[in-house]
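The values are calculated or read from the model by the stated rules, or taken from the named source; none is laboratory data. Quick caveat, the model's predicted, so the values are computed rather than measured. With ideal geometry, Cβ positions are generated from the backbone for all residues, glycine too; neighbour counts draw on all protein chains shown. With ligands, DNA and RNA removed, areas are computed over all heavy atoms of the protein, side chains included. Shrake-Rupley method; radii C 1.70, N 1.55, O 1.52, S 1.80 Å.
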Amino acid sequence: MKIHEVMTPDAISAHPEMTLMAAAEMMRLLNVDTLPVVEEERVVGLVTERDIVVRGLALGFDPRATPIVRVMARHVPGCEPQEDVQEVAERMRQLRVRRLFVLDEQERLLGSVGPGELQRGPRTAPPEDEEIFVRPHP
């Protein structure tokens, strides 16, 4: 089975100039702990709750004025839509991550995949209680 068959499409993303506070609020509303950072349709980084707290707040950055580009990780562990589910699951175990972002050849964000998607099998229609993530308007 391939990643494109199980991934959650259209993962929401943040812009590098979004403030720490706005990113934290987005995470709270979506109940997520990680956001891919996208600029000009390309994934340029990743920001986590921990990045905001440890690399931002703990160092005295103003959360209302500091852009997430100041605290984000620039390496984004990802996978491609045609990769095998078992290989990606093994990579996630090796990297000790709970979620990978699905990227195309141009590093554009296609979706995300985590343990739930890997165990669930091919996506048909989303369950009624599952959150659907939509891309915010710029």
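Computed values, structure above
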read-out	value
Any chance residue 59 is surrounded by fewer than 17 Cβ atoms within 10 Å (Cβ to Cβ) and in contact (Cβ under 8 Å) with a residue 60 or more places away in the chain	no
Single residue of the stretch 21-42 satisfying the filter (touching a residue at least 40 places away in the same chain (Cβ under 8 Å) and open to solvent by less than 10 Å² (accessible area, probe 1.4 Å)) that is nearest to residue 85 (Cα to Cα)	36
Answer from 118, 95 - the residue that is over 15 Å from residue 35 (Cα atoms), among the hydrophobic types (A, V, I, L, M, F, W, C), modelled with pLDDT under 95 and touching a Pro at 6+ places or on another chain (Cβ under 6 Å)	95
Residues being in contact with a helix residue (DSSP H, G or I) (Cβ under 9 Å, 6 or more places away or on another chain) and surrounded by 14 or more Cβ atoms within 10 Å (Cβ to Cβ) - total across the stretch 9-20	7
Within the stretch 73-91, considering residues that are closer than 25 Å to residue 41 by Cβ and among the aliphatic types (A, V, I, L, M), the one least open to solvent (accessible area, probe 1.4 Å)	88
Members of the stretch 62-72 that are open to solvent by 90 Å² or more (accessible area, probe 1.4 Å) and either part of a helix (DSSP H, G or I) or farther than 14 Å from residue 24 by Cβ (or both)	70
